[in-house]
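The values are calculated or read from the model by the stated rules, or taken from the named source; none is laboratory data. Please read these numbers as outputs of a predicted model, since none were measured by experiment. FYI the Cβ positions are ideal-geometry reconstructions off the backbone, even for glycines, and counts take in every protein chain you see. The accessibility values were calculated without ligands, DNA or RNA, using every heavy atom of the protein model including side chains. Shrake-Rupley method; radii C 1.70, N 1.55, O 1.52, S 1.80 Å.
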Amino acid sequence: MKIPSIQFKIILLSLTFNAVVSPLHAQAKEDQIMIDTNGIMRWRVDSSELTGFGVNYTVPFAYAYRNGKKLNVDLKAAIDQDVYHFARLGLDLFRVHVWDTEISDTMGNLLANEHLELFDYLLLKLNERGIRSVITPIAYWGDGWPERDGPTPGFSHKYGKGDCLTNPDAIKAQENYLKQFVSHVSPYRNIAYKDDPMIIAFEISNEPHHRGAPESVTAFVRKMKDAIRSSGCTKPIFYNVTHGINYAENYFAAGIDGGTFQWYPTGLGFQKELGGNMLPNVDRYPIPFDDVLKKNGAARFVYEFDAADMASTYMYPAMARSFRTAGMQLGTHFSYDPTFLAPYNTEYNTHYMNLVYAPRKALSLMITAEVFRNIPLYQDYGIYPDNTSFGPFRVSYESDLAEMVTEEKFIYTNHTDTHIKSPEKLKLIAGYGNSQLIKYDGTGAYFLDKLGDGIWRLELMPDATVVDNLFGWNDLTRIRAMISYGRHTMKINLPEFAESYSIESVDWRDSIIYREVRNQAVELKPGVYLLMAAQYNQEDSVTLESKRKMKIDEYGAPPSDLTKAPTAFKSKRKSVLATDYTFLLKPFTLFDPKSDSALVNRPWVRGSKVIGPSATDSISYLYIPLDGLVDPDGENPNAEPFGDYTMRYYFGDIIESVKYDLVSKKALTLKAYTENNLSIPIQVSLIMKDGTAFGRMIRIDSTNRKHSIPLREFERVRPVIMPRPYPTFLPYYSEAGNCEKLDLTKIESLQISIGPGIPKEDWDKRYEVVIGRIQLE
């Protein structure tokens, strides 16, 4: 088969990506979006449901801007590259809390400076890709994080968040600023934000923490809303309703159109990668004030969410499933790392997201966007493990896999053996690793887009390797992830390429100008290629209509300066090996305070520490002083309190190689006591991979002794959801799991709860609990 090169004939052809883009039209007196009586946002033109999914991204402001300058980065070129990633992943929404402190003065006047100009450029590039925006004009933040704040000119710097919510002068400044901000005319688009159809809504401010009289909260929100409306803006106006849910009625009394929500189901700031199955943490997103939302016909938008401190890929589609069940139409992940900062993960070290450096996580976001577009609002899929398949989607903790399979799209985040019934109908394949259709031993993402009969475009990303702890105390002196451009074998098992196909490099990153492939396998470097079957007719038109024009040779990865592939980062924890029969006779240590306390997931407590060993005791202990069992919740003061302090320790990685030997163990033992002569009950439980927990109450006192609990006496208990999620109104206990009895081959975490069984009248006492070694014997 000999096909003349067609590279230059099709260099300007465009690709169709996933989102549907409505026609751009002038803003009418009535907004393009209406909200029906059920709080569902709809396109006015045809009453269809509005959906959208994307990311937060911050290059025009604060840390990203400042350090881009420090690294001599062309920030507009950086935006071009990252926005291409968004489009490549099928994202159709963008959100950011604008750093008002950098673009305003103390009276709220808008400053025409480089931050604002760069923001307008970003919006231009998003608009060119068909990506809409929800903008939060006020952040209340300084410009420093994770560094110190600088001397910015704005009202937020002068007053701070607290005074901005109550000080009359600060409130006037915000009114002035909001009106000017939404009236700002972009020099790139020649249209005011309030009239731009690609900006679909405004969220007044980022995470206001209201306190005080309810009527003052309503008055504040109404003034902010009225300031925006005074400009002639007719777009939906949202307000954050999760930071102080006792004011829910008061927010909507001010006339807002919808509420904004966030979700961090794995907590924030663990400083290392979390282990264990976190799918039970995202079974549901129940809203305690749902009746208020329904009564007011309020729309719902997720402005931030992430499975923080996780490098895994299975969480995001499951979170999106629960968001849709809760009525969320729009969602944006927090936060996409600018590619120039991604090697260091310095901007928000508890988060990590980038297509080049975290390809599998980015593919998971690609699937999440499809969840928002395809899963019906308010449909309930049950609890884990019964909810791992929903619509065309599947998630798996055991395989660290998220997957979407439809007739036209096949997207996956890890090796998968899913059978594709009709591969000839596919128009998009995006993945990592091996599947029925693609075999690839590189460590980057790949995308295959069908341009026409017999012709596909292959985009192959660089190899990505994590070389250090992603989630620690990071800075620009230490690289956490690297990319390289190694050559790897790719085998493409598509029906039209069964006999042979031609391949040619489009972007000149590889030396393959033209080659015929007869065994379906070819060695490739990262880059862009065209694959052409024998039946392809080069005279056919392969131009596909799209509002996201992309050059056929467009590519979104930086060069690598590595001369060889980097060495992957490996955890220092190693699985225990059972070398002989004596393992059956020895106690097996699940938790040792000296080596494992830093890995315990628990609420921070002042004065907690590891003590020992001593001259009289050869082991160490974890000391936990508690001034009561209830922490007041300022954001949910009317909630029923839980008198409980729980900590969880994941050991699944160290027992993997010996898990079948553990069945010989008959008891769980632990050394524990109290420091202040109290006798209290504590609950000790073992949590299995499916979220089922089995445990037992024991009583400890001031005597330091070894407690032994026969495993046959363990009963099913409700585990506390750990890490504790945010917002704080989310459930305290998990209902996940369906195992009827404890199976030691499936355990992966230990949980200790101080609180169950302690009467309410004793919740405010001081408890000083000391936990020693925990073993299976």
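With contacts taken as Cα pairs under 8 Å at a separation of at least 6 residues, region 320-477 carries a relative contact order of 21 percent.
Annotation: peptides 71-83, 215-227, ranked by per-residue average of other Cβ atoms within 10 Å with the highest first, follow the order 215-227, 71-83. Excluding same-chain neighbours fewer than eight residues apart, the lysines reachable from residue 172 by a Cα-Cα span under 25 Å are 158, 161, 194, 223, 225, 235. Partner lysines whose Cα lies under 21 Å from the Cα of residue 551, excluding those fewer than 8 positions away in the same chain, are identified as 9, 76, 125, 427, 450, 525.
Entry note, the chain: relative contact order of 12 percent, from Cα contacts under 8 Å with a spacing of 6+ residues. Using the Cβ of residue 377 as centre and a radius below 14 Å, the other residues enclosed give a net charge of +2, where K and R count +1 and D and E count -1.
With 25 Å as the limit, the listed pairs 570/666; 69/179; 439/746; 272/689 have 570/666; 69/179; 439/746 beyond it between alpha carbons.
Once the chain from residue 69 to residue 211 is taken as fully extended at 0.36 nm per residue, the excess over their C-alpha distance is 47.3 nm. Protein-only accessible surface at a 1.4 angstrom probe places the residues 70, 272 in the order 70, 272, largest first.
Label positions at residue 291 and residue 167, each projected 7 Å from the Cα along the C-beta direction, are separated by 3.9 nm. Which percent of the accessible heavy-atom area of region 686-764 goes to carbon and sulfur, probe 1.4 angstrom? Result for region 686-764: 46 percent of the exposed heavy-atom area is carbon or sulfur.
DSSP beta bridges fully contained in the chain are about 75 percent antiparallel. Compute the distance in nm between two label points, each set 7 Å from the Cα along the Cα-to-Cβ direction, one at residue 149 and one at residue 761. It works out to 4.7 nm between the two label points.
Between residue 515 and residue 408, the C-beta separation translates, for a Förster distance of 25 Å, into a calculated FRET efficiency of about 0.30.
Rounded to the nearest 20 debye, the dipole size of the chain about its Cα centre is 940 debye, using +1 on the Cβ of Lys and Arg and -1 on the Cβ of Asp and Glu.
Entry note, region 651-709: relative contact order of 40 percent, from Cα contacts under 8 Å with a spacing of 6+ residues. Under 18 Å from the Cα of residue 294, which aspartates and glutamates turn up, not counting those fewer than eight places away in the same chain? Result set, ordered by chain and number: 36, 49, 249, 257, 380.
When 478, 229 are compared by accessible surface with a 1.4 Å probe, the order from highest to lowest is 478, 229.
Among rounded, prolate and oblate, which fits region 352-399 when a ≥ b ≥ c are the square roots of the eigenvalues of its C-alpha gyration tensor, a/c under 1.5 means rounded, and a/b larger than b/c means prolate? Cα axes put region 352-399 in the oblate bin. Among the GluC sites (Glu not before Pro) within region 688-742, those in coil by DSSP and having at most 13 neighbouring Cβ atoms inside 10 Å are 740. Going by a ≥ b ≥ c, the root eigenvalues of the Cα gyration tensor, does region 605-753 fall in the rounded group (a/c under 1.5), the prolate group (a/b larger than b/c) or the oblate group? Oblate, because a/c is 1.5 or more while a/b does not exceed b/c. Placing pseudo-labels 7 Å out from each Cα toward the beta carbon at residue 701 and residue 380 gives an inter-label distance of 4.6 nm. For region 147-172, the residues whose backbone nitrogen is under 19 Å from a point 7 Å from the Cα of residue 111, taken along Cα to Cβ, are 147-161, 164, 170-172.
Ligands, DNA and RNA are left out, and with a 1.4 angstrom probe the accessible area of the chain is 39 Å² per residue. Measuring only protein heavy atoms, the 1.4 Å probe finds residue 482 accessible over about 50 Å². Projecting the Cα atoms of 190, 201, 396 onto the charge dipole of the chain, computed from C-beta unit charges around the Cα centre, puts 396 farthest toward the positive end. Label the chain by shape, choosing from rounded, prolate and oblate, from the square roots a ≥ b ≥ c of the eigenvalues of the Cα gyration tensor; if a/c is under 1.5 it is rounded, and otherwise prolate applies when a/b is larger than b/c, oblate when it is not. Judged from the Cα gyration tensor, the chain comes out oblate (a/c at least 1.5, b/c at or above a/b).
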